[in-house]
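Scroll down for the structure; my scribbles are underneath it.
Readers should treat all values here as calculations from the given coordinates under stated rules, not as data from a laboratory. All values derive from a computational prediction rather than experimental measurement. Methodologically, a virtual Cβ is constructed for each residue, glycine included, from the backbone with ideal geometry; neighbour enumeration extends over all protein chains shown.
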Amino acid sequence: MNEQLLGIENVLFTVAMLLYFASMIGFFIFIAVKKKKAASVSYIIMAAGFVLHTAALVIREIGAGRLPMTNRYEFATCFAWGLALVCLIFMRKYSVDILGAFAAPVIFLVIGYAAMQSKDVHELMPSLRSNWLGFHVSTAIISYGAFGISFALALMFLLRDRISEGSFFDRHIPSKEKLDLIGYRAVALGILFLTFCIISGAIWAEQAWGSYWSWDPKETWSLITWLIYAVYLHQRIRKGWKGKSAAIFAAVGFICVLFTYVGVNTFLPGVHSYA
């Protein structure tokens, strides 16, 4: 990769990470001072971080001559990007300012994890030189981002019963019915894209290794994650499952997402260990 472009990417990435951190602090200030303007400013800061984050990914793609999705650093930074994208969309669409206070820490932790990984650019392994790369990984990124937001919404739902009537949180955290609906839509979005991810991965695997499914640890845990969220959707659609149990289930699902990403790479290495 061109050293000059790598330097530009590092600067953009660092500034984006600092803006995500500033956004997180801003949302905490929103809770502390109870001023809506603090939330509005924090949203703008997060959006600015997202724009610079996007620019960093584009610069890396230009410099590397390929999509920036093929090692641990690249996938982690894309994971944080997906979280920020879905967070910004859901905050704007549903007018839930306080969602940022729950989602921004997750975004910052993921991009912080990315910052700890090696940023070296390597040649693609032969198995990764496929047109399926962009579709497979981008669907995983959107899926994980949506599940991350469903996790934040689940935490808000679980907090809802513990807040006093008329308090700051009572005024700014939506009703349990609205949280349940938004959380359901986040899960539905996530499982849709995870389905695309698994199917495209199977097709790609058959082309690369001659087998649609090899029970690689990441394949297995992706399937487990899909099944958990599929049970959530089935119970909701067929049996009208809502409330605390559904929120807990959604939170557990995201823990499985994190294990699929971080835990499998750390404890169960396989053909996907590069990311």
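Using only the alpha-carbon atoms, how far is helix 244-258 inclined from the longest principal axis of the chain? Give it as 0 to 90 degrees, nearest 10.
The answer is roughly 30 degrees.
By how many nm would the segment from Ile248 to Trp209 grow when fully extended, if each residue of separation counts as 0.36 nm and the alpha-carbon distance is taken off?
10.2 nm
Over the chain, what is the mean sequence separation of C-alpha contacts under 8 Å (at least six apart), divided by residue count, expressed as relative contact order in percent?
18 percent
Is the shape of the chain best called rounded, prolate or oblate, per the rule: a/c under 1.5 gives rounded, else a/b larger than b/c gives prolate, else oblate, with a ≥ b ≥ c the square roots of the Cα gyration tensor eigenvalues?
oblate
How many lysine pairs does the chain hold where the Cα atoms are under 13 Å apart and the two sit 8 or more places apart or on different chains?
4
Given a Förster distance of 51 angstrom, what is the FRET efficiency for Gln235 paired with Gln4, based on the Cβ-Cβ distance and rounded to 0.05?
0.45
If you fit an axis through the alpha-carbon atoms of helix 217-239 and take the longest principal axis of the Cα set of the chain, what angle between them do you get, 0 to 90°, nearest 10?
Relative to the chain, helix 217-239 is tipped by roughly 30 degrees.
Rg to Rh for region 133-275: what is it, with Cα atoms only and Rh by Kirkwood?
Using Cα coordinates only, the ratio equals 1.06.
Students often check this: by mean Cβ neighbours within 10 Å, which of 147-154, 37-44, 136-143 ranks highest, and how do the rest follow?
Final packing ranking: 147-154, 136-143, 37-44.
Taking 0.36 nm per residue of sequence separation and subtracting the Cα-Cα distance, how much length would be gained by fully extending the chain between Ile224 and Glu61, in nm to one decimal?
So the extension gain works out to 55.5 nm.
Compute the acute angle (0 to 90°) between the alpha-carbon long axis of helix 176-209 and the principal axis of greatest extent of the alpha-carbon atoms of the chain; round to the nearest 10°.
Helix 176-209 sits roughly 10 degrees off the main axis of the chain.
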